[in-house]
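Beneath this line is the structure, given in structure tokens, with notes to follow.
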Amino acid sequence: MSFQQGLSGLNATSKSLEVIGNNIANAGTYGAKAARAEFADLYARSLGGANAAGIGVQVASIAQQFSQGGIVSTNNLMDVAINGDGFFQMQDTGGQMLYSRNGQFKLDSEGFIVNGAGHRLLGYPVDNVGNLVTQVRSQLQLPTVGIAPKATEEVKFEMNLDSRKTAVAGAIDYDDPATYHNATSVRIYDAKGQPVDVTLYFQKTATDTWNIYSTAPDIDGDGDPEQLDVSQITFDSSGLNPSLTELTLNIPGGGAAYDPISGVKVDLSQLTQFGGNFGVTDVSQDGYAPGQLTQLTIEEDGIITARYSNSMTQTAGQIELANFRNPQGLKSMGGNVWASSYASGDPVAGVPGSATLGLLKSGALEESNVDMTAELVNMITVQRLYQANAQTIKTQDSVLQTLVSLR
């Protein structure tokens with residue numbers, strides 16, 4: 001029996017050395033998980049069933065350890081690390097579902113997010129207006145074209161008019177600042193994304209009363225801005241509650257410079273008239289010029305945001321993660337990916353940060369969880385075990401030689 005026991009020990013320790021060697025080889029592989037050889041003793045069956053002699057050891061399983069690896073920053077925004085539980089879901093060219101912790105992603109020629117082997121990342125797509133379609137999980141394909149322009153529909157001003165100003169009588173002369181008190185401009189856009197600078201002139205005509213002149217750039221070539229609207233606004237004695245809260249501007253076309261824009265709403269509800277200097281504290285408008293894709297960012301909840309050269313952003317998709325009741329039951333497929341099995345159970349999918357799923361870190365990768373110090377110490381231990389098992393075989397051989405030599 002001693003030969004059998006020693007031989008089983010040699011086989012088991014040899015397998016353990018293979019596992020340790022594989023761990024060390026993948027210590028620099030992003031998303032790789034360490035494995036360990038798990039052993040079980042062997043006993044011969046006997047009729048009585050009691051005090052059976054042990055006949056050695058066997059490798060019960062090689063179990064991967066899915067503990068969290070360290071997260072390191074990179075200079076690539078398409079690199080993604082999972083901080084917590086969960087796996088990226090991918091599909092190969094044959095449609096097989098694969099799972100990975102390695103977030104080294106890139107875009108292929110068709111705009112799909114893929115790993116180094118060409119497996120496509122899965123998540124939620126967006127519809128034509130940028131809304132997430134969470135009912136359907138599909139291969140994530142990001143936009144490769146620019147964003148179309150949008151004509152301005154609404155402008156909002158937040159400002160203060162100085163109540164200490166002296167009223168001015170008479171019509172405004174745009175070339176003479178003495179005929180008005182203040183002016184401010186905002187750039188809006190036509191349907192083609194061509195810019196138009198609209199200017200508002202403010203002229204105090206009486207206590208708590210102002211005229212507002214709205215103009216567009218010179219069209220007829222006379223050097224004066226094109227007057228769009230003249231309105232009057234009043235405030236109460238505390239400088240609040242403007243009587244005019246909205247203007248509607250219709251802007252004629254400027255030839256080749258810009259097209260006509262009709263029905264632009266100018267929100268004046270946030271105007272005040274206090275005894276302080278004139279100042280515009282906020283101005284916004286909802287139009288924009290065309291833009292080209294400049295950057296993609298991935299948020300911790302998996303939302304992918306496309307940023308364009310016109311400073312606009314748009315949701316381009318969301319990464320979905322999956323987890324398993326028994327991750328150690330996953331079947332290793334090589335290439336840093338796993339496939340589900342009966343032992344792992346079915347995947348439970350969700351967005352990052354929900355239930356037991358971890359959060360994402362863009363511009364970072366998860367290192368292997370291999371502890372090099374521990375692996376080297378284990379290697380020494382297993383080497384000693386291998387030598388000890390070899391020694392039992394050598395000792396048994398010596399005993400047999402003694403028996404053979406008996407006369």
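Structure notes:
- Filter pass, T199 being among the polar types (S, T, N, Q), surrounded by fewer than 19 Cβ atoms within 10 Å (Cβ to Cβ) and touching a Pro at 6+ places or on another chain (Cβ under 9 Å): yes
- Just one of the listed residues (Y189, Y174, Y180) is open to solvent by less than 70 Å² (accessible area, probe 1.4 Å) and within 30 Å of Q292 (Cβ to Cβ), and it is Y189.
- Taking the range 295-407 and the strands (runs of 3 or more DSSP E) fully enclosed by it, the elements with 3 or more residues that are farther than 19 Å from L77 by Cβ and open to solvent by 20 Å² or more (accessible area, probe 1.4 Å) are at 331-334.
- Boolean, S67 is over 16 Å from the mean Cα position of the chain (by Cα), at pLDDT 85 or above and open to solvent by 50 Å² or more (accessible area, probe 1.4 Å): yes
- Of all residues in the range 254-271 being at pLDDT below 90 and either of a type in the set (A, V, I, L, M) or surrounded by 14 or more Cβ atoms within 10 Å (Cβ to Cβ) (or both), the one that is nearest to the chain's Cα centre (by Cα): Y258
- Among residues of the range 272-294, those that are surrounded by 17 or more Cβ atoms within 10 Å (Cβ to Cβ) and under 30 Å from Q89 (Cα atoms), counted: 1
- Residue check, Q292 of a type outside the set (A, V, I, L, M, F, W, C) and touching an Asp or Glu at 6+ places or on another chain (Cβ under 9 Å): no
- Among the residues of the range 50-64, those identified as out of contact with any Lys or Arg (no Cβ under 9 Å at 6 or more places or on another chain), at pLDDT 75 or above and open to solvent by 50 Å² or more (accessible area, probe 1.4 Å) are Q58, A60.
- Any hit, the range 26-49, residues being surrounded by 13 or more Cβ atoms within 10 Å (Cβ to Cβ), modelled with pLDDT of 85 or more, touching a Leu at 6+ places or on another chain (Cβ under 9 Å) and part of a loop (DSSP other than H, G, I, E, B): yes
- For the range 250-308, a residue qualifies if it is of a type in the set (S, T, Y), within 17 Å of A148 (Cβ to Cβ) and touching a residue at least 24 places away in the same chain (Cβ under 8 Å), and the qualifying residues are Y258, Y288, Y308.
The values are calculated or read from the model by the stated rules, or taken from the named source; none is laboratory data. Note that the structure is a prediction, hence the values are computed from the model and not measured. Note that we place each Cβ from the backbone using ideal geometry, even for glycine, and neighbour counts take in every protein chain shown. With ligands, DNA and RNA removed, areas are computed over all heavy atoms of the protein, side chains included. Shrake-Rupley method; radii C 1.70, N 1.55, O 1.52, S 1.80 Å.
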